[in-house]
Structure formats: C-alpha cells, structure tokens
C-alpha cells in the first residue's frame with residue numbers, strides 16, 4: 001500500500017504504554033466531553049485519517065514533548081534521544097511520505113517524516129479522558145417537568161427514577177451447557193443482555209456428515225435467549241481455517257465444493273432468518289483462505305452477497321483476531337483489515353460491521369485506542385466479539401487486564417457492543433472463566449460485576465425545584481419514573497437513547 005502512495009503524506013500514529021512502542025498508521029477525529037474544571041492535563045486527540053494528503057497537517061498536541069527537542073537540524077539526524085522519560089501512556093504520531101520512482105529494489109525510494117509528536121498521559125489522565133467520553137457517548141441528561149392538568153408547575157413533587165435495562169450490549173458466549181442448567185442461566189441473566197453461541201452454529205457442529213444437518217442444540221439455545229430477550233450474534237457461517245472446517249468439506253473441490261457452500265448458506269440462513277442481529281460471514285479470513293484457494297479469489301465476496309440476500313436485516317461482519325491485540329502480526333494489521341473490507345465493498349458487498357475478536361495476552365490500552373480510532377473513521381459499528389485474557393496469565397492479573405480492555409472498548413464512541421468469550425464448561429472455559437462451576441465468581445467475574453454496576457444508573461430520588469423540574473444524568477437504556485404529589489401519583493416508562501442534547505419529559509398530575 002505504501003509503495004503506491006507517491007508524493008503524498010500519510011499520517012502515522014503510534015501509541016505506547018510504559019515506553020513500549022507500538023507503531024501503526026491511523027485515522028479519525030472525535031470530540032471529547034469537557035473534563036472537570038480542575039483537570040489541566042492534555043485532552044486526548046483521536047484524529048485519524050485513511051487518505052493520503054499532499055501536505056502534512058500540524059503535529060498533534062503541538063508536538064508534545066518533541067517540540068522541545070526537535071530542531072531545524074534534526075532532519076540530518078537518524079535518531080532522537082529522549083532521556084528520563086516517566087512511566088506513562090505515550091501517543092506518538094507523524095506524517096510520512098514515501099516517494100517511489102518506480103524501482104522496487106529500494107534504491108530509488110525516499111522517506112520523509114513531518115509533524116512528529118510524542119504526548120505522555122499519566123494513568124489518571126488517561127482514565128479521566130475515558131470517563132469524559134463515557135459521559136458524552138454512553139449517558140445523557142434528562143429534565144423532568146411536572147405540572148398539574150392546568151399547566152401549573154408543581155414544586156416539591158417527589159421523583160423516583162429506576163433504570164430497567166441497558167441500551168449498550170454487554171454479553172458473553174454461551175454453550176449448550178447452559179441448557180437445563182438453572183444456576184448457570186440465572187447467573188448469566190443477572191448480568192448480560194447479549195449472547196453468542198460458542199460453537200453450536202459452526203458448520204462442523206451442524207453438519208458433521210454431508211447432507212445430515214442437525215440444528216437441535218442451536219434451536220434450544222435460541223429458545224433460551226429469545227425467551228429472555230437476549231440480543232444474539234450469529235457465529236459463524238464459514239471459518240476459513242481448514243482445521244475448523246468439516247472434514248468432508250476439505251475433501252471437496254470445484255463444483256462440488258461450491259454446491260456444498262451454497263447449501264450451507266441456504267440451510268443456515270433460511271432456518272434462522274431474522275433471528276440474529278449479526279452474522280460473522282467468513283471468520284478469520286485475513287489469516288486463512290481455505291475457500292478462496294479452492295473456489296477462487298471472489299469466493300468470500302460471494303458468501304457475503306448470498307448471506308445478505310438470505311437475511312437482509314442482519315448486520316454482516318468481518319471477524320478477525322490480532323487486529324487490536326497486537327501490532328506484531330503481519331497478517332492482520334489494521335491496514336490489512338481496512339484494505340480487505342474496502343475490497344469487499346468495491347465488489348458490491350453490503351458490509352455493515354467490524355468484528356475484533358480481542359483475545360489478549362497483555363493488552364496495550366493506547367494501542368487499542370489507536371486501532372479503534374482508525375477503524376472508527378470507516379463509519380461502521382465496531383464490536384469486540386470474543387474478549388478474553390490468556391490462561392497463561394494468573395487469575396488476579398487476568399482481571400486487571402480484562403478491565404483495561406473493557407474500559408477502552410466502552411469508552412470508545414464507535415464501539416457498539418462488548419462480548420466476552422467465557423462460555424462455561426465442566427472443564428472450564430476457552431481461555432478465561434468468570435465463575436467456577438459452583439457459580440462463585442473468579443477475580444475476572446468480580447471485575448465484570450464491578451463494571452456492570454458502574455455502568456448503570458443507580459436508583460435516583462429527589463424533588464422538583466422552584467420551576468417544577470428535576471434533572472439527572474443517566475446511562476442510555478429503559479427507565480421507569482414514579483412521580484408523587486400530595487395524594488396524586490403517576491409513573492412513566494421511557495427510552496433514553498443516544499444524543500447530546502438534553503431529553504425533556506413533561507409529566508402531568
């Protein structure tokens with residue numbers, strides 16, 4: 001990609017934590033909600049771009065700490081030494097121009113760097129910036145006006161506000177082990193409003209032998225989530241990894257393979273039409289390409305088109321690992337993801353969502369935020385679809401790392417849902433469990449409960465002021481309000497949806 005960007009500047013942005021550099025090219029701009037008046041630190045700048053420009057823009061943060069060390073003679077120096085850096089979150093950005101005169105042997109390529117910036121954030125500053133975004137994107141102000149039937153303001157009317165449900169989808173994978181397991185069901189339903197089936201919709205599970213489909217487990221699990229009004233993702237139609245493709249499918253080629261994949265899409269999508277809000281169409285296609293090797297480079301394009309025709313209301317996702325987890329996987333850089341997504345869009349695919357699996361070992365919060373900034377410029381909903389922390393990490397530290405990941409996701413305006421990959425089995429979970437089989441929380445489960453409580457409006461009680469009004473700031477979701485004045489009482493249910501203006505409610509008694 002860069003070799004083709006001739007005579008243009010491309011913005012490159014790196015985020016580093018504890019002086020650990022994580023370079024990548026970035027894009028997007030978001031406005032931060034005002035922080036507390038006492039905050040005098042830097043406001044996070046999520047500016048990011050996908051397009052090249054003829055001239056570089058000014059450096060972010062006016063260059064940050066680099067404005068003190070870069071001089072006019074710096075261009076002649078290959079390195080800049082920074083001494084006595086403190087432990088902090090660092091964000092690095094620069095504009096890069098690669099000039100290629102057509103010789104791909106590297107002899108005629110020059111690289112220019114402009115508008116470099118290095119900005120540190122303390123951990124407290126980072127968290128305050130997160131909270132500012134949460135206040136702006138996940139909450140909204142509400143003012144309740146109370147009057148009598150003649151429009152006279154009622155001063156001193158008592159108000160009780162209760163949040164009934166949350167707007168933001170926060171859930172977990174479930175497996176067939178939840179069926180008939182009432183303690184597991186109660187534990188799950190107490191916490192989550194979204195789910196994804198761990199394996200029960202995958203091709204190897206529904207058609208282990210050719211022509212013999214069995215959706216029994218998926219049907220029963222669907223009854224459970226439907227009965228409890230749980231938003232559910234469809235995972236997945238195809239998995240590009242040969243190891244997770246039915247063995248009989250790996251023996252097919254050409255026309256017979258095409259028949260099999262057409263039958264798979266038709267069978268699955270017709271049975272579950274309009275049941276799942278999302279479908280992961282071709283899982284992990286940046287790392288694997290089984291179907292395109294057998295059916296040609298447009299195979300995935302065809303999968304998306306057929307899936308859209310079969311269920312036009314479902315949101316179709318790419319779903320991939322090591323995009324947001326690390327910058328060390330050359331198969332799945334953020335630019336690879338964007339390039340593949342745009343290629344599908346150019347081919348006529350209705351691409352509606354960005355799925356990031358988020359299987360972490362040691363998360364790098366600044367890198368996570370930077371990747372989300374860049375993907376956010378595409379204007380598509382982003383979901384962290386399979387969040388967990390490696391089993392090689394001890395359980396208390398798993399909880400610490402998981403909190404970092406979930407806070408980055410919840411505080412980013414383009415992230416529309418968080419899904420944990422924590423389906424419980426008698427032998428444990430894929431990488432990380434929230435609870436043991438007796439449904440006593442593990443450290444990660446306690447941390448999730450803490451965040452669930454933090455991200456919900458507490459019950460509110462108050463009285464109307466001299467204007468007959470009462471105001472509060474609440475998380476998005478469904479609410480019930482009870483208003484009492486003397487011997488009169490009424491209640492109102494309402495939806496608090498996204499928006500930056502105050503929501504006004506008029507209640508008459």
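The values are calculated or read from the model by the stated rules, or taken from the named source; none is laboratory data. Owing to the predicted nature of the structure, the values given are computational and were not obtained by experimental measurement. Neighbour counts are summed over all protein chains in view; Cβ atoms, including those assigned to glycine, are modelled from backbone coordinates with ideal geometry.
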So, first residue farther than 11 Å from residue 234 by Cα in the stretch 310-322, second residue part of a loop (DSSP other than H, G, I, E, B), Cβ within less than 6 Å, six or more apart or across chains; the pairs are 311/273; 313/274; 320/284; 320/286; 320/332; 321/357; 322/329; 322/332
Residue hits (the stretch 62-79; modelled with pLDDT under 60, assigned to a helix (DSSP H, G or I) and farther than 15 Å from residue 94 by Cα) are 76
Selection over the stretch 110-129 where residues are over 30 Å from residue 99 (Cβ atoms) and not in a helix (DSSP H, G or I) yields a count of 3
Residue 378 passes all but one of the listed conditions (1) touching a helix residue (DSSP H, G or I) at 6+ places or on another chain (Cβ under 8 Å); (2) under 28 Å from residue 93 (Cβ atoms); (3) buried (at least 20 other Cβ atoms within 10 Å of the Cβ); the exception is number (3)
Lone qualifier among 325, 292, 274 - being part of a helix (DSSP H, G or I) and in the same structural domain as residue 196 (by TED's automatic domain parsing)
292
Could you look through the stretch 330-342, keep only residues that are more than 19 Å from residue 415 (Cα to Cα) and free of Cβ contacts under 8 Å to residues at least 40 places away in the same chain, and pick out the one that is surrounded by the fewest Cβ atoms within 10 Å (Cβ to Cβ)?
330
Looking at this structure, is residue 496 surrounded by fewer than 16 Cβ atoms within 10 Å (Cβ to Cβ) and at pLDDT 95 or above?
no
Need the failing condition index for residue 331 against (1) more than 24 Å from residue 91 (Cβ to Cβ); (2) within 12 Å of the chain's Cα centre (by Cα), just the number.
(2)
Going through the stretch 250-276 in order, the residues found to be surrounded by fewer than 17 Cβ atoms within 10 Å (Cβ to Cβ) and in contact with a strand residue (DSSP E or B) (Cβ under 9 Å, 6 or more places away or on another chain) are 275
Within the stretch 347-360, is there a residue that is surrounded by fewer than 17 Cβ atoms within 10 Å (Cβ to Cβ), assigned by TED's automatic domain parsing to the domain that holds residue 411 and within 14 Å of the chain's Cα centre (by Cα)?
yes
Condition check: modelled with pLDDT of 95 or more, more than 23 Å from the chain's Cα centre (by Cα), farther than 30 Å from residue 418 by Cβ and not in a loop (DSSP other than H, G, I, E, B). Does residue 250 satisfy that?
yes
Among the residues of the stretch 419-437, write down those that are in a loop (DSSP other than H, G, I, E, B) and touching a residue at least 60 places away in the same chain (Cβ under 8 Å).
421, 422, 423, 424, 426, 430, 431, 434
